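Visitor: Would you mind keeping the following structure in view while I ask a few things?
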Amino acid sequence: MISIRNVTKSFGKQVVLKNISLEIKHGETIAVVGPSGVGKSVLLKLITGILQPDSGEIIIYGKNITKAKTEYQKNQIRNNLGVLFQSAALFDSLNIYDNVAFPLNARTNLNQKQIHKRVLRILRNLDIEKYALKTPGEIPMGIRKRAGMARALITEPKLILFDEPNTGLDPLVGQEVYELIKECQEKWHFTGIVISHEIPEVFQVSNRVAMLLNGEILEEGTPEKLLQSQNEAVRQFLNGKTNGPIKIN
Ligand SMILES: Nc1ncnc2c1ncn2[C@@H]1O[C@H](COP(=O)(O)OP(=O)(O)O)[C@@H](O)[C@H]1O
Ligand SMILES: [Mg+2]
């Protein structure tokens, strides 16, 4: 289980997150949605320990990342985490095999034979074995996303974080990414946090949704509940309208 408890984060005078609390149960996927600049990526960076909150704590499967002092302690907790960023963030100079093997080489004591076995298994599982020796630039975006997913899954994390997994993709590839997430949820049963502003598309992979606005969780519940919300700002966001309480800048 993931517990985000009373987390506040400011940059100078700008308060980005104000006393946010959120619990995510094992096996559940929650979508964190909200307009651009609202603090979604900051929240993910707090969960991964890249940023430190001003107050509050984040507990990931019993371990408090906000109290981890050294990179070593943080990495112990990060071994339970997989992250899939917007661009898939593969290393351009490494082939797909080496990209996927990277977290195992960097963060585990597995020997090369064990690593080889694990990498081949996941490449097969995600049906990208034949691209193993290609570099990211040589393969289509949809395959790159699968490779990014393979890299996120390779350490067998309990929690996977997705930061706008399909921003900047054309709609067909975007939908492929959601299909990929669904496929992987069924195979690996991880807990997921998906950051997105794609409403309602993101709902197809979410059990629950939390909408962020002005540093707070404005509304939280099942996708159905959000779709029926009477809150004006929620309705404006869901319907993609320019006029309403949310200021578009
Ligand atoms: N390292 C940082 N230093 C200063 N300001 C930051 C930093 N990271 C994010 N911010 C600010 O925090 C706000 C939220 O950013 P972000 O979480 O990236 O938004 P989004 O919801 O689009 O992911 C933005 O105003 C951004 O400029
Ligand atoms: Mg962001």
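Each reported figure results from applying straightforward, stated rules to the coordinates on display, with no laboratory input. Everything quoted here is computed from the prediction, not taken from an experiment. Positions of Cβ are generated from backbone atoms using ideal geometry, with glycine treated the same way; all protein chains shown enter the neighbour counts.
Visitor: Suppose the chain between K187 and M1 were pulled fully straight at 0.36 nm per residue; how much longer would it get relative to their current alpha carbon spacing?
Guide: This chain segment gains 65.0 nm when fully extended.
Visitor: Ok, one more. Just grab the label-to-label distance for D98 and N111, each label 7 Å out from Cα along the Cβ direction, in nm (one decimal).
Guide: 2.3 nm
Visitor: Can I ask one more? Report relative contact order for the chain in percent, whole number only (criteria: Cα-Cα under 8 Å, sequence separation at least 6).
Guide: The normalised contact order for the chain reaches 25 percent.
Visitor: Can you bin segment 1-71 into rounded, prolate or oblate? Criterion: square roots of the alpha carbon gyration tensor eigenvalues sorted a ≥ b ≥ c, rounded for a/c under 1.5, prolate for a/b above b/c, oblate for the rest.
Guide: oblate
Visitor: A follow-up question, please. Run down the lysines and flag those whose C-alpha is under 20 Å from the C-alpha of K45, throwing out any fewer than 8 positions away in its chain.
Guide: Candidates past the 8-residue exclusion: K9, K13, K18, K25, K63, K67, K69, K74, K158.
Visitor: Per the helix-only calculation at 222 nm, which mean residue ellipticity applies to the chain, given -39500 (n - 2.57) for every DSSP H run of n ≥ 4 and division by its residues, nearest 500 deg cm²/dmol?
Guide: Computed mean residue ellipticity for the chain: -10500 deg cm²/dmol.
Visitor: Just to confirm a number: summing +1 for Lys and Arg and -1 for Asp and Glu over residues other than Q52 whose beta-carbon lies under 13 angstrom from that of Q52, what do you get?
Guide: Combined, the nearby Lys, Arg, Asp and Glu give +2.
Visitor: Something else now. Grab the Cα-Cα distance for K241 and S10, subtract it from 0.36 nm times how many residues apart they are, and report the gain in nm with one decimal.
Guide: Value of the extension gain: 80.3 nm.
Visitor: Expressed as a rounded percentage, what relative contact order does segment 118-176 have, with Cα pairs under 8 Å and six or more residues apart?
Guide: 32 percent
Visitor: Can you find, among L213, T155, F190, the residue sitting farthest towards the positive end of the charge dipole of segment 130-249, where Lys and Arg contribute +1 and Asp and Glu -1 at Cβ?
Guide: The listed residue farthest towards the positive side: T155.
Visitor: For segment 1-94, run through the trypsin sites (Lys or Arg not before Pro) and keep only the ones in DSSP coil with at most 15 other Cβ atoms within 10 Å of their Cβ.
Guide: K13, K25, K69
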